[in-house]
Amino acid sequence: REFIDELVKKGELSESQGAKLVKEWTEKADKSTSELSKSISDLVTKTIEKISLPTKEDVSQLNKKIEELSERIKKLEGTP
């Protein structure tokens, strides 16, 4: 932004050109940030799958199954 302000001050850019340039750069930066975030997320997901780490959902399903089995054992043993 300072660079653009300096160009406007020197008369090399008009106010509207400077504002347009700042807007374009901001939009490009936002797009690049989003793309980078998605790439990192995809890479992390692939890495987790590759090394076979359980997901949060996997662990949740296993916990539910353990609770169900614990209840069945209690019923079979006759304990409340």
(message) Going by Cα centres, region 48-80 and region 6-46 are how many Å apart?
(response) 47
(request) State the answer as a single residue: which of Val22, Leu69, Ile48 lies farthest towards the positive end of the charge dipole of the chain, with beta carbon charges of +1 for Lys and Arg and -1 for Asp and Glu, about the Cα centre. (result) Leu69
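What is the local net charge at Asp58, summed over the other residues whose Cβ is closer than 12 Å to its Cβ (Lys, Arg +1; Asp, Glu -1)?
Numbers: positive: Lys56, Lys64, Lys65; negative: Glu49, Glu57.
Charge balance in the 12 Å sphere: +1.
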(message) Taking the Cα centre as origin and putting +1 on Lys and Arg beta-carbons and -1 on Asp and Glu beta-carbons, what dipole magnitude results for region 2-77, to the nearest 20 debye?
(response) 400
(message) Taking semi-axes √(5λ) of the Cα gyration tensor in Å straight from the coordinates, which label in (1) 21, 17, 9; (2) 34, 19, 10; (3) 61, 14, 7 is the correct one?
(response) (3)
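No value in this document is a laboratory result; all are computed from the given coordinates. Please read all numbers here as calculations on a predicted model, not as lab measurements. Glycine gets a Cβ as well: all are built from the backbone with ideal geometry, and neighbour counts include every protein chain shown.
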